[in-house]
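Notes follow once the structure below has been shown.
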Amino acid sequence: MVHNPYMKKRAQASLFVIIAILIVAVILFIVFLTKNTNEKITDQDIAKVKAYVQDCLQTKTNEGVDLIAKQGGYYKIIDNGLNFLEERTVYYLKNNQILIPTQEKIKQELDSALEDKSKACLQMQDYSLTSESCIANSEIDEEIEVIFNCPITLKKGSSTTRIEGFYSQVDFSVPEMLNLSSQIANEYKKDPKYLCITCLDQIAAQKNITITAVPITNSVGSQYNATWFLINSTKKMGDQYIIWRFATELK
C-alpha cells in the first residue's frame, strides 16, 4: 500500500478547520445566551409596550362597537338574523313581536366581542407578551367605557414584569339607539304593510339624526321580505359616523 503524505496533511488541515469552526460557533452561542440573559426591562420598554397595547385595545373597541351597532346589538347572531349581500343584522319586529335586546344583553355581546378581538393585541414585534386571560368589562350608557382586566407579562432575557391598567372609550349612546329603535318598531307594528315616512321624519328630527329605511325583498335578490333601518348617529368614531342597524318583517 502506498501512503500519500500530501493527502494525510490535507485531511489534518480539514480537521483543524472544522474544529476551529466549532469552537467559534460555541463561543458565539455562549455570547448570544449571555447577552440575552443579561438583557433587562427598562422603563422605555414598559412605556412602549403599554402604549402599543392601549392603542390596540382602543382600535379593537372601535371595531367591536361598529360591528355590534351594525348587527343590532349582537356580536354573534345565532338566530333571529337575516343577511343581504353578506351584511347581517337582526329583526326587531317579527311575527308581530318586538325583539329589541336589553342594554344588559348588548353589554354581554360587546364584552364577548372585545375578549375575542383583544387577543391580537398580544402580538408585538421584538417583545414577548403573554396573558392568562383578557376580560373586558364594559359600561354602556351615554357613552361606552371599557375596563380590561388584562394583566400582561412582558419578558426580556431573564427579566419579566407585569403590565396592566388598560381601558377604552367610545362616545356613543346605546340607550339613545334603543329608544329610537323602540319608537320605530312600535310605529311599524301598528301596520306592518304600511311605513309611515312622516313618522320616521318626526322621530329623526327630535334627535337631529338621519333614519334610512330600505325594503329588502325577493325582487332584489334576497330570501327575506324585510325593511332594514339604518340610524346614522351624530357621533363619529374616527372619521366615520356610527350606524345602528336592524330590520322589521315586511308583510
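Conditions: (1) free of Cβ contacts under 8 Å to residues at least 40 places away in the same chain; (2) over 17 Å from TYR92 (Cβ atoms); (3) not β-branched (Val, Ile, Thr). ALA213 meets all but one. Number of the miss?
(2)
Anything in the stretch 172-194 that is among the small types (Gly, Ala, Ser) and either touching a Leu at 6+ places or on another chain (Cβ under 9 Å) or in a helix (DSSP H, G or I) (or both)? List them, or say none.
SER181, SER182, ALA185, listed by residue number.
If LYS251 satisfies all but one of (1) over 30 Å from CYS56 (Cα atoms); (2) crowded, with 16+ Cβ neighbours inside 10 Å; (3) in contact with a Lys or Arg (Cβ under 6 Å, 6 or more places away or on another chain), what's the number of the condition it fails?
Here LYS251 clears every test but (2).
Of these, LEU28, LEU57, which one is over 30 Å from GLN108 (Cβ atoms) and either touching a strand residue (DSSP E or B) at 6+ places or on another chain (Cβ under 6 Å) or at pLDDT below 90 (or both)?
LEU28
Can you spot a residue in the stretch 123-132 that is in contact with a Cys (Cβ under 7 Å, 6 or more places away or on another chain), at pLDDT 90 or above, surrounded by 12 or more Cβ atoms within 10 Å (Cβ to Cβ) and more than 30 Å from TYR188 (Cβ to Cβ)?
No, every residue in the stretch 123-132 fails to be in contact with a Cys (Cβ under 7 Å, 6 or more places away or on another chain), at pLDDT 90 or above, surrounded by 12 or more Cβ atoms within 10 Å (Cβ to Cβ) and more than 30 Å from TYR188 (Cβ to Cβ).
Taking the condition of being in contact with a Pro (Cβ under 8 Å, 6 or more places away or on another chain), in a strand (DSSP E or B) and not hydrophobic (A, V, I, L, M, F, W, C), how many residues in the stretch 140-171 meet it?
Within the stretch 140-171, residues that are in contact with a Pro (Cβ under 8 Å, 6 or more places away or on another chain), in a strand (DSSP E or B) and not hydrophobic (A, V, I, L, M, F, W, C) number 1.
Just for the stretch 58-80: of the residues that are surrounded by 17 or more Cβ atoms within 10 Å (Cβ to Cβ) and in a loop (DSSP other than H, G, I, E, B), which one is nearest to the chain's Cα centre (by Cα)?
So, considering only residues that are surrounded by 17 or more Cβ atoms within 10 Å (Cβ to Cβ) and in a loop (DSSP other than H, G, I, E, B), the one nearest to the chain's Cα centre (by Cα) is TYR75.
Determine if the stretch 210-230 includes at least one residue that is in a helix (DSSP H, G or I) and either under 16 Å from GLN58 (Cα atoms) or not β-branched (Val, Ile, Thr) (or both).
Yes, there is a match, as at least one residue in the stretch 210-230 is in a helix (DSSP H, G or I) and either under 16 Å from GLN58 (Cα atoms) or not β-branched (Val, Ile, Thr) (or both).
When you look at SER181, is it surrounded by 13 or more Cβ atoms within 10 Å (Cβ to Cβ) and either more than 17 Å from GLY73 (Cα to Cα) or among the polar types (S, T, N, Q) (or both), yes or no?
It is true that SER181 is surrounded by 13 or more Cβ atoms within 10 Å (Cβ to Cβ) and either more than 17 Å from GLY73 (Cα to Cα) or among the polar types (S, T, N, Q) (or both).
Can you find, within the stretch 130-149, the residue that is nearest to PHE246 (Cα to Cα) among those that are more than 15 Å from the chain's Cα centre (by Cα) and not charged (D, E, K, R)?
Restricting to residues being more than 15 Å from the chain's Cα centre (by Cα) and not charged (D, E, K, R), the top hit is ILE140.
Quick check on the stretch 89-107: of everything there that is polar (S, T, N, Q) and surrounded by fewer than 16 Cβ atoms within 10 Å (Cβ to Cβ), which residue is nearest to the chain's Cα centre (by Cα)?
Looking at the filtered set, the residue picked out is GLN103.
Condition test on ILE135, is it modelled with pLDDT of 90 or more and over 25 Å from TRP228 (Cα atoms)?
When the stated conditions are applied, ILE135 passes them.
Are any of the residues in the stretch 151-161 hydroxyl-bearing (Ser, Thr, Tyr), surrounded by 13 or more Cβ atoms within 10 Å (Cβ to Cβ) and either farther than 30 Å from CYS56 by Cα or free of Cβ contacts under 8 Å to residues at least 40 places away in the same chain (or both)?
Yes, the conditions are met somewhere in the stretch 151-161.
The values are calculated or read from the model by the stated rules, or taken from the named source; none is laboratory data. No experiment lies behind these values; they were computed from the predicted model shown. Methodologically, a virtual Cβ is constructed for each residue, glycine included, from the backbone with ideal geometry; neighbour enumeration extends over all protein chains shown.
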